[in-house]
Amino acid sequence: MSTVAERVAEILVTARYPIVLTGAGMSAESGVPTFRDAMTGLWTRFDPHELATPEAFRRQPEVVFGWYVTRLRQVVAIDPHPGYQALVHLERLFGTLPIVTQNVDGLHRRAGSTDVTELHGSLLSFRCAAGHHAFPVEEVLVLAQVGGDGRLDPPVCASCGDLVRPNVVWFGEMLPEAAMTRAALLTEHCDVLLLVGTSSVVYPAAALPIRAQALGARVVEVNPAPTPFTRLANVAWQARAGDALPELAKQIVSMKAST
Ligand code: BV8
């Protein structure tokens, strides 16, 4: 009886064009809290789905901006876990492994993946709200928190006087057209989609695996907990990304060595 790692390895080794779609669970083992995890400090009384909105930024810019700078400082201080390295290893083994991510932490690129589509923008990039004038992330990192509770007044753009915000996609905002076009193309072209660490509830990202499967692709879900997609998955691998992905890479290497 083959293990789930062997079954998934078999699917990937025989795939013509595998792609990966990741969510916040991909970064959990690097210490980046998922959207489901309880928030800490000042933000314990907020729901991230409410904070990650243009309305919240308009209403309480110092709370929202402080939340993102706190997350930015967390992310620049951590390293991608072995699950990220496993995806880089598979990209080198296959020659290509496009990654579409909902995450804004930049960890796939930091690990060495070269084909990464960031559906929801990046925490590592800032701009002004109206004019989209870039604001250097180095200048954000040296801003001092006002008070100990994490609030931080956003800087004002020198070009147009508007408030500086993170270059992420908030709820109620359109996804970047280029990213969405690339993600749709990859979804339509792939024959295997590895769905890692996402609760599959945020749209339009959550529609991508459904579309891939409707076009004949097989979808393998890697998640320690069930999601709305689990019952649809061709293979539901109930595991953490940091455990499953290195095991998967190991299985694929040994399969390729024996052929
Ligand atoms: C839009 C950036 C047009 C900011 C984020 C239908 C169609 C279109 C839109 C909608 C629709 N229905 C509703 C909407 C509106 C909304 C939406 O989807 N709402 C949800 C809540 C129902 N979508 C939008 O607003 C999008 N814009 O469509 O514009 C429009 C607008 C309005 C109305 C209609 C159309 C914009 C969505 C993007 C929002 N920005 N991020 C920031 O990061 O601060 S989304 C944010 O939340 C994350 O990026 C992420 O995508 C999402 C959280 O999802 P996950 O990544 O899955 O993370 P989560 O914490 O939920 O789950 C973690 C999973 O990991 C769990 O399953 C857990 O079991 C697992 N896990 C834990 N540990 C591990 C693990 N897995 C593996 N290993 C582990 N160790």
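Data overview
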item	result
Tabulated pairs, the range 35-47, first among the basic types (Lys, Arg), second in a loop (DSSP other than H, G, I, E, B) and open to solvent by less than 90 Å² (accessible area, probe 1.4 Å), C-beta under 8 angstrom, 6+ apart or interchain	Arg36/Ala24; Arg36/Ser199
Number of positions in the range 158-181 that are open to solvent by 10 Å² or more (accessible area, probe 1.4 Å) and either more than 30 Å from Phe135 (Cα to Cα) or in a loop (DSSP other than H, G, I, E, B) (or both)	12
Pairs with Cβ under 6 Å, 6+ apart, first in the range 2-28 and under 27 Å from Val202 (Cα atoms), second of a type in the set (Gly, Ala, Ser)	Thr22/Gly197; Gly23/Gly197; Gly25/Gly197; Met26/Gly197; Met26/Ala241
Segments classed as strands (runs of 3 or more DSSP E), wholly inside the range 55-144, with at least 2 members that are in contact with a helix residue (DSSP H, G or I) (Cβ under 9 Å, 6 or more places away or on another chain) and open to solvent by 10 Å² or more (accessible area, probe 1.4 Å)	116-118, 121-128
Any hit, the range 97-113, residues being within 15 Å of the ligand (Cβ to nearest atom), farther than 20 Å from Ser200 by Cβ, in contact with a strand residue (DSSP E or B) (Cβ under 9 Å, 6 or more places away or on another chain) and free of Cβ contacts under 8 Å to residues at least 60 places away in the same chain	yes
Those residues of the range 39-54 which are within 12 Å of the ligand (Cβ to nearest atom), exposed (fewer than 14 other Cβ atoms within 10 Å of the Cβ) and part of a helix (DSSP H, G or I), in sequence order	His49, Glu50
Residue within the range 160-176 that is without any contact (Cβ under 8 Å) to a residue 40 or more places away in the chain, away from the ligand (no atom under 15 Å from the Cβ), touching a Gly at 6+ places or on another chain (Cβ under 7 Å) and not β-branched (Val, Ile, Thr) present	yes
Residue identified as within 23 Å of Ala205 (Cα to Cα) and not aromatic (Phe, Trp, Tyr) among Ser125, Ser159	Ser125
Residue check, Arg36 outside any helix (DSSP H, G or I), open to solvent by 20 Å² or more (accessible area, probe 1.4 Å) and either within 11 Å of the ligand (Cβ to nearest atom) or more than 30 Å from Ala217 (Cα to Cα) (or both)	yes
Pair list, Cβ < 8 Å and 6+ apart or interchain, from the range 198-216 residues that are free of Cβ contacts under 8 Å to residues at least 24 places away in the same chain to residues that are in a loop (DSSP other than H, G, I, E, B) and surrounded by 19 or more Cβ atoms within 10 Å (Cβ to Cβ)	Ala206/Thr198; Ala206/Ser200; Ala206/Phe229; Ile210/Phe229
Per-region count, the range 6-29, residues open to solvent by less than 10 Å² (accessible area, probe 1.4 Å), within 16 Å of the ligand (Cβ to nearest atom) and more than 18 Å from Ile210 (Cβ to Cβ)	3
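The values are calculated or read from the model by the stated rules, or taken from the named source; none is laboratory data. Owing to the predicted nature of the structure, the values given are computational and were not obtained by experimental measurement. Glycine also receives a Cβ, built like all others from the backbone with ideal geometry; neighbour counts cover every protein chain displayed. Each accessible area value is taken on the protein alone, full model and side chains, heavy atoms only, with ligands, DNA and RNA left out. Shrake-Rupley method; radii C 1.70, N 1.55, O 1.52, S 1.80 Å.
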